[in-house]
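Input: a single structure, listed below in structure tokens.
The values are calculated or read from the model by the stated rules, or taken from the named source; none is laboratory data. Here the structure is a predicted model, which is why all the values come from computation and not from measurement. Here the Cβ is made from the backbone with ideal geometry for all residues, glycine too, and neighbour counts use every protein chain on show. We work out accessible area using only protein heavy atoms, side chains counted, and drop any ligands, DNA or RNA first. Shrake-Rupley method; radii C 1.70, N 1.55, O 1.52, S 1.80 Å.
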Amino acid sequence: MPDLSQTQPFAFTCEGGLVKSKSTFIMQPGQALELLNFEPDIGGGYRRINGFRKHINHIVPQTSASSEKVSMVAFFNNNVLAARGEKIFSSASTELSLKILQATGMTGSGTITVDSTSGFSSSGTLQINSEIFAYTGKTSTTFTGVTRAQSSTSAAAHIVNDAVSESWTAIDTGRTNASKYTFERFNFDGNDKIIVTDGTNAPTVFNTSLTATDVSPASTGTGESTTLVVNIASGTGMTGSGTITVNDTSQFASSGSLLINNETFTYTGKTSTAFTGVTRSTDNSVAADHDVAAFVLDLFPPAVAGAKFVTAFKDHMFYAGMSSTPQELVFSLPFEETKFSVATGAGSIRVDDTIVGLKVFRNDLFIFCENRIFKLSGSSQADFTMTPVTRNIGCVNGDTIQEFAGDLIFLGPDGLRTVAGTARIGDVELGTISANVQSIFDDNLINSALFESIVIPDKTQYRIFFSKAGTSEDNTRGVICVMKGQNFEFAELKGIKPSATDTFVEAGNVLVLHGGFDGYVHRQEKGNDFDGTKVSGRYRSPDLTFGDPGIRKHMQRVILNYKPEAAINADMFVRYDYEDRNAARPAAYPLDSTDVVAIYGTSTYGTPTYGGASQPLIRQPVEGSGFAVALRVNDNATTAPYSLKGFGLEYQVGARR
């Protein structure tokens, strides 16, 4: 037997995430120099990510060209809503709970058992993988009266958890030149609704029956204000020829409606300092005295047609991003998303920068602009107050704004930042969090218009996807950010290219959806591949010198602690001396759990186990020597995810350099 009496151990846990901002000499052993499609695991270690699969098996219908991307995906009332081209569609999806054999006959009386039929039509067609079924009825968990292999498809085997979906149904059309959508789920009156905006057309509200109602107020104005220069007595008659003298009318329309205190007026003309053709006491208001310096308000805010952004805050609906008023924030009456009158609680607020996103956080509404960020506090027209958060940092893409780990996270001009509510001083502080992977953002920020983001709350995880025109899905990169304790850890993504995203949590079930440039709606965190494409997973440790870069280390073995969810099929590489081309480069050591030897843990010697809470140790003899050692794990398989928890290295000391 070899003499192992001089063997020395060195062990580290996998923690700290991807670090690209430090020299390998000063990195912590558990950090990663490369971490691709492995996510920092809140349970410890680095976990190979799940894949994604089609959530709706049918492609979203195009309007005029197959190049049209999915411009919205949203989950609402057990339905999936998707927009493509000039239309919005709905569908439903569930999963098989009993497998279907290829030989199972279904000729009009078959049954398909699923998790739930909520959201599906009472009769219609289904698609499972590539096979289409017709059904004539349903219960809460079954489709009945089923005939299989419809529409020239062939009978095939389908396993438990395969996606079952119905075809798309158009619920809104004629959305000419619609661009990227935003949406808000809300309930002002005891009825769930969702409102969507597309940057061109009128905002549209859908109820639970998916009936569409456009937000097209009969009266619009400018939302401007000025002050009285000459007082108005309650007895002054104004019946179509009155005059109201003010400081400035330049920002008002040539005719319209005004509000002074609680009295409303109409006017038919204006000079630079007066409204003419005035009629008072309109809309059942009462004539009153109005003193000099009283505020004169346009009765109606600007039109909200063409809004890019929408959000509900303090029982008002807020709209922004209109092309003619890009700095304007318009809000509706309380509990009335389609009504706008300054006299009864609606209004508008202007900021001094172009708005790119809205996000409610705790008790405030944050308004993200190109170069600034503002915070709106209060609960009504009477006490809404706008304050600046910062006047020299903005958001480069509103689709990157998410509530995450108790903060708001967004993409700034220098990487990911947070807006954190600080209870100690009741203020707001901004911080850059992506310094460890700054070079990745530097390489991608120049082209951020199509970036998307998503939050996976049960993993305390934020994902940003660097979707770009002309870049294939296989080559699309992104970044994973995970909150662990008080620190953020990062990893790289490759192979996911969303064009729209949504996360919905119901009864603890997390649904993570993305629409693609291919016209399909996918569900993330499902499956072991990217809709049929292998997940390319890569891990590389720092270069380890064990405290002395001048001593040669003769490696004896590497012990891997891992947490499998199924069989592992990956390769481990040992590399020496900073991967110098003249250094030893031993062949790959397979981490196939059918071939390796396990020790300790709950596994049996020579027969590793996986599943459950087992975290076996793999003891792998290795070859070679060097002054520095690095470990690589490459995963190109479609096996289930697993977590790399830590490594132990055993070596013998050699000669000094």
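Computed quantities for the displayed model
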{"quantity": "For peptides 311-317, 271-277, sequence by mean Cβ density within 10 Å, most packed first", "calculated": "311-317, 271-277"}
{"quantity": "Listed residue pairs exceeding 22 Å between alpha carbons, taken from Lys99/Lys526; Lys99/Lys138; Lys494/Lys534; Lys484/Lys553", "calculated": "Lys484/Lys553"}
{"quantity": "Ratio Rg/Rh, restricted to region 449-500 and using Cα atoms, in which Rh is the Kirkwood radius", "calculated": "1.02"}
{"quantity": "Mean separation of Cα contacts under 8 Å (6+ apart) over length of region 253-389, as relative contact order %", "calculated": "15 percent"}
{"quantity": "Total charge dipole magnitude, region 413-529, about the Cα centre, Cβ charges on Lys, Arg, Asp, Glu only, Debye to nearest 20", "calculated": "100 debye"}
{"quantity": "Computed [θ] at 222 nm, helices only, for the chain once each DSSP H run of length n ≥ 4 contributes -39500 (n - 2.57)", "calculated": "-500 deg cm²/dmol"}
{"quantity": "Rh (Kirkwood; distinct C-alpha pairs) - the chain, Å", "calculated": "28.4 Å"}
{"quantity": "Given charges at beta-carbon only (K, R positive; D, E negative), |dipole| of region 184-283 in Debye", "calculated": "280 debye"}
{"quantity": "Rounded to the nearest 20 debye, dipole of the chain from Cβ charges on Lys, Arg, Asp, Glu", "calculated": "1540 debye"}
{"quantity": "More than 15 angstrom apart: percent of Cα pairs within region 528-574", "calculated": "67 percent"}
{"quantity": "For region 351-491, accessible area per residue (1.4 Å probe, heavy atoms of protein chains only), Å²", "calculated": "40 Å²"}
{"quantity": "Average Cα contact separation per residue, the chain, under 8 Å, 6 or more apart, as relative contact order %", "calculated": "15 percent"}
{"quantity": "Region 235-298 versus region 473-497: alpha-carbon centroid distance in Å", "calculated": "57 Å"}
{"quantity": "Sulfur and carbon atoms: percent of accessible area, the chain [1.4 Å]", "calculated": "47 percent"}
{"quantity": "For Ala11, net neighbour charge (Lys/Arg +1, Asp/Glu -1) across residues whose Cβ lies under 14 Å away", "calculated": "+1"}
{"quantity": "Local net charge near His290, Cβ-Cβ under 12 Å (Lys/Arg +1, Asp/Glu -1)", "calculated": "-2"}
{"quantity": "Centroid-to-centroid separation of region 37-74 and region 91-148 [C-alpha atoms, Å]", "calculated": "24 Å"}
{"quantity": "1.4 Å probe accessible area per residue over region 12-131, in Å²", "calculated": "38 Å²"}
{"quantity": "Protection-proxy order for peptides 393-400, 630-637, 619-626, 505-512, each taking the mean of Cβ atoms within 10 Å per residue, highest first", "calculated": "393-400, 630-637, 619-626, 505-512"}
{"quantity": "Peptides 566-577, 86-97 ordered by average Cβ neighbours within 10 Å, highest first", "calculated": "86-97, 566-577"}
{"quantity": "For region 165-308, with +1 on Lys and Arg beta carbons and -1 on Asp and Glu, the positive-most of Ala178, Asn207, Thr220 along the dipole", "calculated": "Ala178"}
{"quantity": "Charge tally in the Cβ shell below 14 Å around Leu81, where Lys, Arg are +1 and Asp, Glu are -1, Leu81 excluded", "calculated": "-1"}
